[in-house]
Amino acid sequence: MKRFASIFTCLILSASLFAAPSGDGWKSRKKLRSENDRLKTQIAALEAELAAYRQEAAVRESITEELSGENENKVSAALEDYTTANTDSLLGRWYMHRSSKYGSREQYNMDSVRFTTDVPDSVLMRRLEEMNSFIRLPYNETVKNYMILYSEKMPRRMSEVLGLSEYYMPIFEETFRKYDLPLELKYVSIIESSLNPRAESYAGAKGMWQFMYRTGLSYGLKIDSYIDERMDPVASADAAARYFRDAYRIFGDWALAISAYNCGSGNVNKAIKRAGGKTDFWSIYEYLPRETRGYVPAMVGAMYAMNYAKEYGLRPDPIALPVYVDTFHIGRNLHLAQVSEVLGIPLDDVRDLNPQYHKDIIPGGGNILRLPFDYSSAYLDMQDSIFRYKADVLFASKVQDGREVVQGRPVPTSKGTSWVYYKVRRGDNLGSIARRNHTTVKNLKSWNNLRGDMIREGQRLKVGKR
């Protein structure tokens, strides 16, 4: 900005010089017009450049605000214990069985434990190089620790992940290619959830990519009484890709963008400031939240174990998910049991392909149904029969236009029972907070017992219910 101000000052001085008399007398009117036109052209170009600069700064500020928010309180499900919802389904029961029998993961304090391996450092380093990753994969003791963890210390977990990856990884690869992002980002889903679409952290993050409630909404994921697209592998992967793209626009470094995905851009910016402005991941490592420090090394470890699974005797577990799936847009209300019973597909299998519908109901109006490819023709041939089947029984309580219909009368859907909080940042006011959270200043004052408009930095405000 100072540069632009100085340029404008110089131009103004130049203009005054051109208007002043010289030793030869006043300049001709024609020459003055020519010089004036030239100055106007230069000023117009500078004004355009300044406007572009301001617009870029506004976009960056907007993206930074979007990426901070709730993710600053997020905890990755795969780095900590998590609970599993909808345990009636095949994958739900499978995850619950695994958690109860083996624990949600082998627990290690990665800040203090030091693993040893029979594989020489030279081999580990060579293998990392041969992976030819677009995202730089440095080798040090921390990274080595996570490489050993994922390849040698939790074989059950990695065999399960290898099995699930045969279905989910092609979805992620297609999504990241669409946004021209490094395909290595797909391994973040292993750290987030171990590829469990129903994973839920104690902080409230849900799905395979562990989106918090308001972060999910801000990235276009549908969340209501019947649908939670945070649990949709395709929709959530698309949202995750856009998040990574935005984070990279801010930091210009993939390790920092990945860290921001875990703890929010605000915490990464704080770490950069505490490190004296350094923007290398390992320079800010000790200033990051504890769980985030291990986030990038864990991704490298998981990536290494997936690529060299055979060398460690890791084999994919058989998972009951079809490799080929067809997608249909649903125009009328549809119950998953209608699909299951008419087509003869186990209900658990239909649920596993459509985990975003937590009441087994697909509201009409363009939502999607995924089915094994082998059943595509049968579904198309029997659509009318499927929609009529047991409709009166299964839709005793129906959905219509986003509302629940009981005994023929629409009622509002539930707005939730738990409060969503916002931490006040420097420069915030009630108006901006209300707009950001889609509410009113009057509501904010009522919910937080505020008599005036004064708020302070660091204050926690109720901004709505989930």
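The values are calculated or read from the model by the stated rules, or taken from the named source; none is laboratory data. Note that the structure is a prediction, hence the values are computed from the model and not measured. Cβ atoms come from the backbone with ideal geometry, glycine included; neighbour counts cover every protein chain shown.
One line per residue, one yes/no per condition, for (1) loosely packed, with under 15 Cβ neighbours inside 10 Å; (2) modelled with pLDDT of 90 or more; (3) assigned by TED's automatic domain parsing to the domain that holds SER259; (4) of a type in the set (Asp, Glu):
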{"residue": "SER122", "(1), (2), (3), (4)": "yes, yes, yes, no"}
{"residue": "ASN140", "(1), (2), (3), (4)": "yes, yes, yes, no"}
{"residue": "PRO170", "(1), (2), (3), (4)": "yes, yes, yes, no"}
{"residue": "LEU183", "(1), (2), (3), (4)": "no, yes, yes, no"}
{"residue": "LEU195", "(1), (2), (3), (4)": "no, yes, yes, no"}
{"residue": "GLY204", "(1), (2), (3), (4)": "no, no, yes, no"}
{"residue": "MET212", "(1), (2), (3), (4)": "no, yes, yes, no"}
> Which of (1) at pLDDT 90 or above; (2) aromatic (Phe, Trp, Tyr); (3) touching a helix residue (DSSP H, G or I) at 6+ places or on another chain (Cβ under 6 Å) is the odd one out, the single condition TYR379 does not satisfy?
Replying inline: (3)
> Could you list, in sequence order, the residues of segment 154-188 that are free of Cβ contacts under 8 Å to residues at least 40 places away in the same chain and not hydrophobic (A, V, I, L, M, F, W, C)?
Replying inline: PRO170, GLU173, GLU174, ARG177, ASP180, LYS186
> What residue, among those in segment 322-372 that are among the hydroxyl-bearing types (Ser, Thr, Tyr) and at pLDDT 90 or above, is farthest from LEU195 (Cα to Cα)?
Replying inline: SER340
> If a residue has to be farther than 20 Å from MET125 by Cα, of a type in the set (Asp, Glu) and surrounded by fewer than 19 Cβ atoms within 10 Å (Cβ to Cβ) to count, how many in segment 142-168 make the cut?
Replying inline: 1
> Of the numbered conditions (1) touching a residue at least 60 places away in the same chain (Cβ under 8 Å); (2) under 22 Å from ILE171 (Cα atoms); (3) out of contact with any Gly (no Cβ under 7 Å at 6 or more places or on another chain); (4) surrounded by 15 or more Cβ atoms within 10 Å (Cβ to Cβ), ARG370 satisfies every one except a single condition; which is it?
Replying inline: (1)
> Taking segment 292-311, which residues are surrounded by fewer than 17 Cβ atoms within 10 Å (Cβ to Cβ) and not polar (S, T, N, Q)?
Replying inline: LYS310, GLU311
>> With the structure loaded, tell me whether GLY344 is in contact with a strand residue (DSSP E or B) (Cβ under 7 Å, 6 or more places away or on another chain) and farther than 27 Å from MET158 by Cα or whether it fails that test.
In response: no
> Which residues, taken from segment 433-456, are closer than 17 Å to THR215 by Cα, part of a helix (DSSP H, G or I) and not aliphatic (A, V, I, L, M)?
Replying inline: ARG435, ARG436
>> Please verify whether ALA257 is in a helix (DSSP H, G or I), free of Cβ contacts under 8 Å to residues at least 24 places away in the same chain and buried (at least 20 other Cβ atoms within 10 Å of the Cβ), treating the condition exactly as stated.
In response: yes
>> Is it the case, given these coordinates, that ALA241 is within 10 Å of the chain's Cα centre (by Cα), farther than 25 Å from ARG436 by Cβ and of a type in the set (A, V, I, L, M)?
In response: no
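Okay, residues lined up against (1) under 22 Å from the mean Cα position of the chain (by Cα); (2) in a helix (DSSP H, G or I); (3) over 26 Å from GLU129 (Cα atoms):
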| position | (1), (2), (3) |
| --- | --- |
| LYS278 | no, no, no |
| VAL296 | yes, yes, no |
| ALA302 | yes, yes, no |
| ALA305 | no, yes, no |
| ILE319 | no, no, yes |
| PHE328 | no, no, yes |
| VAL342 | no, yes, yes |
